């Protein structure tokens, strides 16, 4: 029988939970992880990783349609949808196995089952309703994540109305689909299916797509997606859904006018709901706000010895936020000196559509609302040699500085590989760099990253190539 007494128990083996467990083990804590389904959580198995595999396929499919631009004779390439999905699932399986290996390597005990708080310092584990173990530890981290929000009357049925799970393993390629919601998840699926040849309509209740991004980047993305053939309806709401034998008719209202759109499938991507049910929060000091657990800057809840991290604990809904939150929580528990709470403004956000979108810090509007006197710099990809050579001249980098102090308040990017480049600005914010350090940094040539340098220079009227 495995040990049941630990220094730390983590409920949930997603990107927050397994990272927290490994860090705890590194710090000498006897640690257990309780996971009811897949190590790696939704992100690794049904989110971040398999969607990137799908998007990579769609990028290749797009490039195959532009072979003459690169000096190749055109080919009539056809894709095998089952093989596309199989590759995506294989990538997820490989990485999930990798997480299991890392936990074994760090001597973290893994319990396969569902966990529930069962009194002070106790977590009961069950599998298929049968008891597995009763674990004890002075510290228990809740990392149960979240699930897709369901709109009344538009609940995912797995056939005509898809959640992210069904959208990742389509049995057929729909000729047309409608995506409800234009956040990162909705836009990534819209981009994948459009690049694979489907007719795509996106419905967004707010006045612009990608609403958390800088307005200028959202507008750029809107034009780029429309140029690709997407239909984007903003300030619009889905009023009704009528299912047919193999098609769906959706009534959408925008500007006081209603229209009906008939498509093969609907994807619902309207946010998430925290998994707060059935984990034993009743009768504890844990507070819940709109399905998410309330925590302090170090992950502590209102119940002594109980902590929460990741999507369960609130926005932003990002795997890297969950992982870092887990490290902060564990290091605080272990008494590590100089543990700094996470600054949400320093968490980068990435959307892997085509073109990619990435950002960190305040948007121009938020910076002004906060009372900053600002300087704004911009640099288009069309002024960058590497972007043109790659055949990716569509993009923009935007920087926002405090005019008095030179602090980089925010950076916003759209274009090829910007999700790989945003970390440069993220490091700058972490180091509290000003425009001086960024301008004095030498960027390699020829790279797309030079647009980042030029966007800084432009904020101070010193851009060279535009």
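Bear in mind these aren't lab numbers, they're just calculated from the coordinates by the rules spelled out. Treat the numbers as computed from the prediction; the structure is a model and nothing was measured. Note that each Cβ is placed from the backbone with ideal geometry, even for glycine, and that neighbours are counted across all protein chains shown.
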Point to revise | Calculated SAXS-style log₁₀ I(q)/I(0) at q = 0.07 Å⁻¹ - the chain, Debye, Cα scatterers | key: -0.40
Revision key, fill the gap. Percent relative contact order for the stretch 355-459, counting Cα pairs under 8 Å at least six residues apart, stands at 35
Check your understanding: So for the chain: antiparallel DSSP bridges make up what percent, rounded to the nearest 5?
Key -> 65
Review point. Separation of the stretch 151-189 and the stretch 406-466 by C-alpha centroid, Å?
Key: 36
Point to revise | Sites residue 206 and residue 3, calculated FRET efficiency, Cβ-Cβ separation with R0 35 Å, nearest 0.05 | key: 0.10
Check your understanding: How fast does the stretch 8-157 diffuse by Stokes-Einstein, in µm²/s, taking the Kirkwood radius from C-alpha pairs at 20 °C and 1.002 mPa s?
Key -> 119
Review point. Using only Cα atoms, what is the ratio of the radius of gyration of the stretch 355-459 to 2.2 N^0.38 Å?
Key: 1.00
Review point. When you count, for each residue, the other Cβ atoms within 10 Å and take the mean per peptide, how do 435-447, 273-285, 372-384, 52-64 rank with the highest first?
Key: 372-384, 52-64, 273-285, 435-447
**Study point:** the chain: calculated mean residue ellipticity at 222 nm from DSSP helix runs of at least 4, using -39500 (n - 2.57)
**Key:** -9500 deg cm²/dmol
Practice item. Find how much the distance from residue 70 to residue 461 grows on full extension, using 0.36 nm per residue of separation minus their present alpha carbon separation; answer in nm with one decimal. Key: 137.2 nm
Check your understanding: What is the spin-label model distance, in nm, from residue 157 to residue 62 if the labels are put 7 Å beyond Cα along the C-beta direction?
Key -> 3.3
Revision key, fill the gap. By the C-alpha gyration tensor axes a ≥ b ≥ c (rounded if a/c is under 1.5, else prolate when a/b exceeds b/c, else oblate), the shape of the stretch 161-270 is oblate
Review point. When the chain is fully extended, how far beyond the present Cα-Cα distance does residue 296 get from residue 388, taking 0.36 nm per residue of separation?
Key: 28.4 nm
Practice item. Just grab the label-to-label distance for residue 445 and residue 82, each label 7 Å out from Cα along the Cβ direction, in nm (one decimal). Key: 5.3
Check your understanding: In which sequence would 294, 266, 357, 286 go, from the one with the fewest C-beta neighbours within 10 Å to the one with the most?
Key -> 294, 286, 266, 357
Check your understanding: So how far apart, in nm, are the two label points at residue 134 and residue 246 if each is 7 Å from Cα heading toward Cβ?
Key -> 5.6
Exercise for review: Return the FRET efficiency for the residue pair residue 253, residue 122: r is the Cβ-Cβ distance, R0 is 51 Å, and the value is rounded to the nearest 0.05.
Suggested key: 0.50
**Study point:** Compactness of the stretch 8-48, expressed as Rg and Dmax over alpha-carbon positions, Å
**Key:** 10.2, 32
Review point. P(r) for the stretch 92-158: what percent of alpha-carbon pairs falls in each 5 Å bin, starting at zero?
Key: 3, 12, 15, 17, 19, 15, 10, 7, 2, 0
